[in-house]
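Encoded as structure tokens, here's the structure I'll be asking about.
No value in this document is a laboratory result; all are computed from the given coordinates. Just so it is clear, the structure is predicted and the values come from calculations on it, not from any experiment. Cβ coordinates were reconstructed from backbone atoms using ideal geometry, including for glycine residues, and neighbour counts include every protein chain displayed.
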Amino acid sequence: NKFTHTYGYYECRCRLQKKPGWWSAFWIQSPIIGASLNPAETGTEIDVMESIRNPGRIEPHNAYTGGYGQDMKRAKVGGDFNMDTEEFHRFGVLWDETGYTFYVDGVEDGHISEYVSKRPEFILISTEVRGYRREDHKPIPEAYENQGDTFLVDYVRVFDIEK
């Protein structure tokens with residue numbers, strides 16, 4: 001709880017990993033997601049950027065609510081394209097009372113108006129080895145073959161909305 005925030009423009013400038021086997025992400029999370037079925041009260045996972053499959057491949061932006069069991073709900077928009085892994089890119093979301101508007105390199109990439117959180121949430125920058133969530137908890141072979149790859153973050157910024 002060193003930094004939780006509600007509403008604003010959140011942006012990360014990063015260079016994506018260049019090899020398969022890794023999962024990088026920039027996301028926003030509620031500390032009590034799923035404690036009730038009301039996303040306004042208990043929050044929403046907001047996936048601003050995820051690169052899971054192939055290097056440079058960006059997944060759709062997501063809003064998850066209801067926890068991670070049978071009550072989980074998801075809305076998705078945009079993404080699903082390739083980025084140059086040699087260059088830095090900016091991934092952002094404007095979170096306000098109307099929902100989540102996503103941006104890639106300053107260009108709008110969709111809006112989700114469902115599952116709007118009114119709760120302070122925290123930021124995550126994460127990487128993980130693909131495959132560990134499988135039943136055997138073993139990384140996919142590419143993760144072993146491509147050790148030493150880098151997901152490089154230049155900055156993360158949060159701007160308040162002027163009233």
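Excluding residues fewer than 8 places away in the same chain, name every one of the aspartates and glutamates whose C-alpha is closer than 12 Å to that of residue 73.
45, 114
Pick from 114, 142, 45: which residue has the top mean-square fluctuation in a GNM of the chain where Cα pairs under 10 Å get a spring?
Top of the fluctuation ranking is 142.
On a straight-distance basis, which lysines could pair with residue 138 in a cross-link, Cα separation under 16 angstrom, same-chain partners fewer than 8 positions away excluded?
Of all the lysines, none pass the test against residue 138 - Cα under 16 Å, at least 8 places apart if same chain.
Still on this model: Straight-line reach only, C-alpha to C-alpha below 26 angstrom: list the lysines that residue 2 could link to, leaving out same-chain residues fewer than 8 apart.
Those lysines meeting the cut-off are 118, 163.
Another one. Please compute the contact order of the chain in relative form: average sequence separation of alpha-carbon pairs under 8 Å and at least six residues apart, divided by the residue count, as a percent. Walk me through the intermediate numbers first.
On the way: 412 pairs, mean separation 56.4, N = 163.
With pairs under 8 Å counted, the relative contact order is 35 percent.
Packing-wise, with mean Cβ within 10 Å as the measure, how do 28-38, 93-103 rank, highest first?
Highest to lowest by the protection proxy: 93-103, 28-38.
Here is a follow-up. Within the stretch 20-62, list the residues whose amide N lies under 12 Å from a label point set 7 Å along Cα→Cβ of residue 114.
The answer is 62, whose backbone nitrogens lie closer than 12 Å to the label point.
Suppose each label sits 7 Å from its Cα in the direction of the beta carbon; what would the residue 19-residue 160 distance come out to in nanometres?
Roughly 4.5 nm, to one decimal.
Please work out the C-alpha center-to-center distance from the stretch 77-91 to the stretch 96-163 and express it in whole Å.
Here the two parts' Cα centres lie 12 Å apart.
Just how large is the dipole of the chain about the Cα centre, in debye to the nearest 20, putting +1 at every Lys and Arg Cβ and -1 at every Asp and Glu Cβ? Can you show the working numbers first?
Working: 19 positive and 27 negative charges, 73 e Å.
I would put it at about 340 debye.
Efficiency by 1/(1 + (r/R0)^6): what FRET value for residue 38 and residue 152, r their Cβ-Cβ distance, R0 = 41 Å, to the nearest 0.05?
On the way: r = 38 Å, r/R0 = 0.92.
So the FRET efficiency works out to roughly 0.60.
Here's a follow-up. Within the stretch 91-133, which trypsin sites (Lys or Arg not before Pro) sit in a loop by DSSP and count at most 13 neighbouring Cβ atoms inside 10 Å? It would help to have the intermediate numbers written out before the result.
Values: sites: 118, 130, 133; in loops: 118, 130, 133.
Counting only loop positions with at most 13 other Cβ atoms within 10 Å, the trypsin sites (Lys or Arg not before Pro) in the stretch 91-133 are 133.
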